[in-house]
Structures are given as structure tokens and as C-alpha cells.
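Encoded as C-alpha cells, the structure appears first; notes follow it.
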Amino acid sequence: MTDAARIPERPLLRGERVWLRPLEERDMPAYVAGINDTEVGAMAGYSVPLGVGEAAAWLRQMTSMDGPRKGFFFAVCELGDDRFIGTTSLKELNLLHGNAELAIFMDRDHIGSGWGTEAQRVLPDFAFRNVGLERVYLTAFAGNTRAIRSYEKLGFQLEGRMRSAWRGVHGLEDGVLMAILREEWEAQGD
């Protein structure tokens, strides 16, 4: 179990080219534009259009201080800028079992140039050092080879294939489950 005093209320995380700040309601128009983009949103697993009001209500629910923490939800920004270029989160946070799911999507202009990989490099470090997790996992479309390569670069390992798990743009598609353990992450720093 983690020492809750180590987890900042509104963490700000910094990488080499990006920084992560708490996702806010002002980000919802850009967030919704990304998830409603049939190419960008579909590859991130979003299949139903979402309105700004619905997204804002979801964000309020996820970041409410009522009950146990549901996760950490961040806007990805370029260093020196405060504008939303994507989002990443630790969701399904389970402090008892020491794990959470990493999720990410980048806007159309920031796909394929390492921005997402950079954001994902920052988040597991926070998960292991500050939150005290032992395992960070993620799921992805099996056909999203660009994302899978990015996850592998960071040390995530394939744990399994989920057959016909998600309804994507081509109907039911397979997914993959990948994860990295604390000791694997720490060994990369050596």
C-alpha cells in the first residue's frame, strides 16, 4: 500500500519535450475533437461520439474528491506551452493491488513524432515513484503497430491477446494487453 502523503494533489510532471498537467474543463473542446476524430479516436478505443458537456461531466466525476481516487488524468502539453496536445492517464487505480491502467491519445498533429512516447515515459515514473504502484498495464488494438512499438520502447511487455475484444472501425478487432512492472522500469534507469 502507498503512503498517500507522497501523492501530490495536483501533480505537474515534466519530460524532455512535454509536461503533464491536470486535465481541466478548458481542455474538453480539444479532448472531444480528438476522440471524435474517426482516425485518432478510433485507434485509442473510442467508438461513440462525445459532446463537450458529456466530457466535462465525465471529468468532474473522475476528479471528484468524493470517495476513493479514481485515477490521475493529465493534459499533455509541449514544454513552454499550456495548450492541450493529447491526454494520458492512470485509470482503474487499485492501490490495494498496486496497479493501474495507462491510457493515452495524442491529437492528429502530434502523432508519429515521439510526443506520445515522451508523455508515456513520464507517467510510469510517476506511477512507480510517487503513487507506489507495482504494475502499470495498458490495452491497445492489435493492429495499432505504431502504438505497440512505442509501448515496447518503454519496456512494456506483451501479456496476452484479447480476441475480438473491441469494436473498431473494421468491426470486432483483437486487442493486446501489455504491462511493465516496477522492477523492470527501475532496471531501465541503470
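All of the numbers you see were taken from the coordinates with simple rules; none came from a lab. A quick note: this is a predicted structure, and the numbers were derived from the prediction, not measured. Reconstructed Cβ throughout: ideal geometry from the backbone, glycine too, with neighbour counts over all protein chains shown.
Details
- The largest-to-smallest principal axis extents of the Cα set in region 82-174 are 39, 33, 21 Å.
- Of THR145, THR87, THR117, the one that fluctuates the most in a GNM where the chain has Cα springs shorter than 10 Å: THR145
- Rg/Rh ratio calculated on Cα atoms of the chain (Kirkwood radius): 0.94
- Basic side chains Lys and Arg get +1 at the Cβ, acidic Asp and Glu get -1 at the Cβ, and with that the dipole of the chain about its Cα centre reaches some 160 debye.
- When both bridge partners sit in region 86-150, DSSP labels roughly 70% of those beta bridges antiparallel.
- Of the beta bridges in the chain, as assigned by DSSP with both residues counted there, near 90 percent are antiparallel.
- At an R0 of 41 angstrom, the distance between the Cβ atoms of LEU12 and MET162 translates into a FRET efficiency of 0.75.
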